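Encoded as structure tokens, the structure appears first; notes follow it.
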Amino acid sequence: MSVTILAIESSCDETAAAVCKDGLILSNIIASQSVHEKYGGVVPELASRAHMQNIVPVVDQAIKDADIHLSEINAIAFTQAPGLIGSLLVGTQFAKSLSLSLQVPLIGVHHMQAHVLANLIPTNRPSFPFLCLTVSGGHTQIVLAKSALELEVIGETIDDAAGEAFDKTAKLLGLPYPGGPLIDQYAQIGDPLKFKFAEPQIPELNFSFSGLKTSVLYFLQKQTPEFILENRNDLCASIQYTIVQILLKKLIKAVNQTNVKQVCIAGGVSANSGLRNGLKSLGEKKGWQVYIPDFSYCTDNAAMIAITGYHKYLNNQFVPLSVNPSARAEW
Ligand code: KG4
Ligand code: ZN
């Protein structure tokens, strides 16, 4: 019997829906919310309202693009945690209503598990076990994936996430939110070795990024606005280089500790060209098998919720209609 999952993602500022049939993504729709740009960060209340406006057209489009009838849907998967509670509520309530009206089961998905399993979407995918560096706006983790449903966090940040490091240093440079993609863009024509910023010495497989932010802040406080503007590309390249080095050094340590040589990346920051290229060359040098998802599967999307929902469906992992979303990140 074939299995068709309709998935909904609404944990932060993207309203997304996707359809997956037997593990193949048939559609993947995202409505991004530009309303937050002028505030320099996501405003939770505005995010919930925008989800309310976007969710019906986004789900409609996902069903149309997949060219399926509602009666073909076997289950509704939705992001249950973590995220902004008001945003999660919109997706959860919508998923519950659909599940009730179509009389199909509900599957609650952990957003961070879904980022990791985005690596199972392409046909060229890792086998188990594999390591995944998950780097987003809220999380930085190294995950050992033993199976689709057995994921172990073996390292994580003790303060800021890698995406926050990009966004906060971008803000110090006067760039708009979210600054990560802009740092990436300017870094491509800058010198990554021009400025040196502190790399933290954190034990085990854990990360820290708050020191980098402070070191960039102290450096910029001593410079004139003209200097910062003239050196913007080199500053961006040097900041990006430092963040990528911190991430890749811990990945080397994780491979050495686990002896798992299939390495993936996931999350919004895995769209970063410095990280993608750095990981590719490191993999070639070390003889690792490296898997890097398409850009569309790196940042928040519902295809990753659909593929996770598919694996949970195969293992009968459903949630009742009385389920509540949770803002917290526990697995
Ligand atoms: O996974 P994601 O879309 O949402 C969360 O779950 O947080 O990640 C968003 C983060 C933001 O911090 C954004 O600046 C960062 O991913 N990001 C990037 C790039 N594209 C997105 N950071 C660096 N370079 C990029 N190209
Ligand atoms: Zn995310």
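Numerical summary
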item	result
Net charge over other residues, Cβ less than 12 angstrom from the Cβ of GLY83 (K, R count +1; D, E count -1)	-3
Listed residues GLY108, GLY278, GLY163, most fluctuating in the chain (Gaussian network, C-alpha, under 10 Å)	GLY278
Alpha-carbon Debye profile of segment 1-141, log10 I(q)/I(0) at 0.10, 0.18, 0.22 Å⁻¹	-0.34, -1.08, -1.43
Choice from ALA114, ALA148, ALA77 showing the highest fluctuation, given a GNM over the chain with Cα pairs closer than 10 Å	ALA148
Accessible surface, per residue, of the chain when the full set of protein chains is kept, probe 1.4 Å, Å²	44 Å²
Spread of Cα-to-Cα distances over 10 Å intervals beginning at zero, given as percent, for segment 125-292	11, 41, 33, 13, 3, 0
Intensity falloff of segment 91-222 expressed as log10 I(q)/I(0), Debye formula with alpha-carbon point scatterers, at q = 0.12, 0.13, 0.15, 0.16 Å⁻¹	-0.66, -0.75, -0.91, -0.97
Computed [θ] at 222 nm, deg cm²/dmol, the chain (DSSP H ≥ 4; -39,500 (n - 2.57); rounded to nearest 500)	-13500 deg cm²/dmol
Zero-based 5 Å bins, Cα pair distances in segment 66-135, whole percents	3, 14, 19, 18, 19, 15, 10, 3
Calculated P(r) of segment 224-268 - Cα pairs past 14 Å, %	65 percent
DSSP-defined antiparallel bridges as percent of all bridges, the chain, nearest 5	60 percent
Isotropically averaged projected area of segment 1-80, using the convex hull of Cα atoms (one quarter of hull area), nm²	5.5 nm²
On Cα atoms only, tilt of 210-221 relative to the major axis of the chain in degrees	50 degrees
Local electrostatic count, GLY108, Cβ distance below 11 Å [Lys/Arg +1, Asp/Glu -1]	+2
Normalised convex hull volume, the chain, alpha-carbon set, Å³ per residue	127 Å³
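The values are calculated or read from the model by the stated rules, or taken from the named source; none is laboratory data. Everything numeric here is computed off the predicted structure, so don't read it as measured data. A quick note on method: Cβ atoms are made from the backbone with ideal geometry, for glycine too, and the neighbour counts reach across all protein chains shown. Side chains are part of the model used for accessible areas, which takes the heavy atoms of the whole protein and leaves out ligands, DNA and RNA. Shrake-Rupley method; radii C 1.70, N 1.55, O 1.52, S 1.80 Å.
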